[in-house]
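Worksheet: one structure, shown below.
Computed from the coordinates by the stated procedures, all read-outs in this text should not be read as laboratory data. Remember, predicted model here, so these are calculated numbers, not experimental data. No Cβ is skipped: glycine too gets one built from the backbone with ideal geometry, and neighbour counts run over all protein chains shown.
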Amino acid sequence: MRPKILVFAITFPVITALDVVTKRWALAELVKPDHGHDLLGGLVPLTLAFNKGAAFGIRVTEDSRWFFVPVTILALVLLGILYKEASNKDILRISSISLVVSGALGNLYDRVRWDRGVVDFLGPVDLGLWDFPIFNVADMAITCGAILLAISFYLEERAIQTAEGDVREAVRQEGSEPGA
């Protein structure tokens with residue numbers, strides 16, 4: 001199996017399963033009064049919330065669902081193009097795209113299945129100056145994948161600039177050789 005397909009074939013089912021299982025658990029357990037669940041000794045409280053907007057609850061309209069469903073589908077198409085164009089050896093890019101696609105599909109599923117919004121349950125996390133919003137496994141995959149994708153683009157741009165610099169240097173040296 002090609003590395004490109006292997007990375008996606010491992011990432012997608014793992015992230016999807018984690019997202020589905022944790023959201024189902026949150027829907028079953030966090031509705032109970034005085035559920036008493038938290039992570040890391042209370043550092044990360046578990047709070048059931050339904051996000052009808054985008055990241056950090058950003059809304060475009062009253063029912064942002066019908067804005068974000070087509071936007072997500074468009075993003076998935078663009079990610080599919082990036083995936084197709086990625087080299088089999090570019091594991092960083094393939095991994096990042098796989099993470100973003102997995103998370104986007106997890107949240108898209110929630111948006112399509114009901115009008116309550118995306119199931120979030122991790123947080124809010126008190127950062128001192130402000131509370132980090134409530135999120136889920138899909139959000140973590142999207143965020144980590146987006147950061148890795150940005151790093152991938154940065155490294156690609158640096159490699160192109162280095163190669164162009166090497167070509168310019170070779171041309172300069174060729175022109176300065178005696179008898180040229």
Starting from 0.36 nm per residue, how many nanometres of slack lie between D115 and A150 once their C-alpha separation is accounted for? 9.4 nm
In a GNM of the chain with a 10 Å cut-off on Cα contacts, which of A138, A159, A17 has the highest mean-square fluctuation? A159
Of L99, L129, L149, the one that fluctuates the most in a GNM where the chain has Cα springs shorter than 10 Å: L129
Per the C-alpha gyration tensor (a ≥ b ≥ c, the square roots of its eigenvalues), region 1-81 is rounded if a/c is under 1.5, else prolate if a/b beats b/c, else oblate; here it's oblate
[x] 44, 41, 22; [y] 87, 37, 37; [z] 45, 32, 31: which one is Cα extents along the principal axes in Å as calculated from this entry? [y]
Can you tally the lysine pairs in region 3-176 where the Cα-Cα distance is under 17 Å and the two residues are eight or more apart, or on different chains? 4
With a point put 7 Å past each Cα toward its Cβ, work out how far E164 is from M140 in nm, to one decimal. 3.9 nm
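Quick one: which of 107-118, 162-173 comes out on top by average Cβ neighbours within 10 Å, and what's the full order, highest first?
Packing proxy ranking, top to bottom: 107-118, 162-173.
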Grab the other residues whose beta carbon is less than 15 angstrom from that of R2, score K and R as +1, D and E as -1, and report the net. +2
Region 3-176: relative contact order from alpha carbon pairs under 8 Å, six or more residues apart, as a whole percent, is 29 percent
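Grab the other residues whose beta carbon is less than 10 angstrom from that of N136, score K and R as +1, D and E as -1, and report the net. Write out the running numbers ahead of the final one.
Working: positive: K23; negative: D19, D110, D120, D139.
Cβ neighbours under 10 Å give a net charge of -3.
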Using a Gaussian network model of the chain whose springs link C-alpha atoms within less than 10 Å, name the residue from G80, G53, G36 with the highest mean-square fluctuation. G36
Give, as a single signed number, the net charge of other residues whose beta carbon lies under 14 Å from the beta carbon of T22, with Lys and Arg counted +1 and Asp and Glu -1. -3
